[in-house]
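Some notes on the structure that comes next.
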Amino acid sequence: INSALLTNHTNMLRLLVTCVCAVAAATASAPEDAPLNLWSGVTVGLKSDDASVEKGAGEQYQFQADVNKLMDIIINSLYSKKEIFLRELISNGSDALDKVRFMSLTDSAVLGEGDTSKLEMKLIADKEAKTLTLIDRGCGMSKEDLINHLGTVAQSGTSSFIEAFQQGADVNLIGQFGVGFYSVYLVADNVAVHSKSNEDDKQWVWESTADSTFSVYEDKGEELGRGTKIVLTLKEDCLEFLEEERLKGLIKRYSEFINFPIYLYTTKEEEEEVPIEEGDEDDEEGEDEEDEEEGEDEEE
């Protein structure tokens with residue numbers, strides 16, 4: 001707090017010095033009978049909390065006020081069925097795939113070539129990294145879309161959900177208000193949304209730890225071609241969503257009305273017996289004989 005006050009006082013002092021210098025310059029240069037304009041040559045800049053600020057690898061933004069309230073509700077929620085986050089992500093991915101399929105009816109080039117043209121979703125569980133990743137080959141989002149749709153532009157559904165929640169509705173209804181994406185914070189500490197749209201030459205990343213801000217920066221990693229990749233860094237008490245059987249059951253439940261394939265990628269550890277070669281057997285026999293001789297020497 002003291003540091004913030006000191007910064008504010010310093011900025012005010014700078015502005016005051018600038019004004020004094022400008023007044024002195026205006027007084028010296030103005031004709032005696034001319035009216036004095038105290039603000040001549042002075043440029044005043046106001047910093048808005050809602051403006052983007054260059055920080056680290058990208059630009060940082062403040063969440064719109066209603067979105068902040070929504071995030072607080074979700075983060076502090078004691079709602080037991082946290083699994084609904086996967087329902088919302090699958091639903092959003094399906095909507096994006098539907099959109100690009102509809103667009104391709106009039107322009108087949110929209111689909112692209114190779115893997116990019118496959119209208120599908122992938123779910124990847126990484127136990128070592130504690131991340132769950134959902135990839136769809138849908139329409140994707142441009143930089144502007146990421147900023148507007150995931151944070152700064154008020155949506156009617158946001159305030160409607162907040163109002164319904166205050167009247168007793170539970171988090172399970174979040175998808176009905178069009179803001180189901182934020183349910184990811186029921187299970188994740190950090191969320192990164194990588195996205196590539198045909199409308200934007202570059203691929204972008206939206207990232208937030210639900211701390212009232214989010215950042216957007218150019219994605220220098222794996223190219224998507226088109227679509228969206230959402231990477232969730234799971235909370236310690238939500239690692240069950242990395243288990244293969246758990247994910248299979250949820251995918252089966254929430255993909256009942258989805259018209260696109262969903263592929264689940266998991267890692268497995270298996271033990272395999274390796275046959276011993278003849279040379280290896282001879283080496284082992286030689287080692288056993290040496291051990292026996294050493295034992296006899298010790299007895300003597």
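The values are calculated or read from the model by the stated rules, or taken from the named source; none is laboratory data. These figures come from a predicted structure and were not determined experimentally. Quick reminder, even Gly has a Cβ in these numbers, built from the backbone with ideal geometry, and neighbours come from all protein chains shown. Calculation scope for accessible area: heavy atoms of the full protein, side chains included, ligands and nucleic acids excluded. Shrake-Rupley method; radii C 1.70, N 1.55, O 1.52, S 1.80 Å.
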- Task: Using DSSP to define loop residues, name the GluC sites (Glu not before Pro) in region 82-115 whose beta-carbon has at most 15 other beta-carbon atoms within 10 Å.
- Result: Glu113
- Query: Regarding region 93-248, what are the three Cα extents along the principal axes, ordered largest first, in Å?
  - Reply: 47, 39, 29
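Across all directions of projection, what mean area in square nanometres is found for the Cα convex hull of region 173-243?
6.3
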- Given the Cα-Cα distance of Ile276 and Arg253 and 0.36 nm per residue of separation, how much length would full extension add, in nm? 3.6 nm
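GluC sites (Glu not before Pro), restricted to region 191-231: which are DSSP loop and have at most 16 other Cβ atoms within 10 Å? Don't jump to the answer; show the numbers that get you there.
Working: sites: Glu199, Glu207, Glu218, Glu222, Glu223; in loops: Glu199, Glu222, Glu223.
In loop regions of region 191-231 (DSSP not H, G, I, E or B), the sparsely surrounded GluC sites (Glu not before Pro) are Glu199, Glu222, Glu223.
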- Query: How much of the accessible area of region 159-252, probe 1.4 Å, is carbon plus sulfur, in whole percent?
  - Reply: 44
- Item | Two-decimal ratio, region 62-167, of alpha-carbon radius of gyration to 2.2 N^0.38 Å | 1.30
- Message: Just to confirm the filter: which trypsin sites (Lys or Arg not before Pro) across region 161-228 are DSSP coil and have at most 14 other Cβ within 10 angstrom of their Cβ?
- Response: Lys202, Lys220
- Message: Give me the net charge for the shell around Glu222: Cβ to Cβ below 12 angstrom, other residues only, Lys and Arg +1, Asp and Glu -1.
- Response: 0
- Given a Förster distance of 30 angstrom, what is the FRET efficiency for Glu199 paired with Glu120, based on the Cβ-Cβ distance and rounded to 0.05? 0.90
- Counting only heavy atoms of the protein chains, get the accessible area per residue of region 74-132 (1.4 Å probe) and round it to a whole Å² value. 55
- Message: Quick check: pseudo-label points 7 Å beyond the Cα along Cα→Cβ at Ser77 and Lys235, how many nm apart are they?
- Response: 1.1
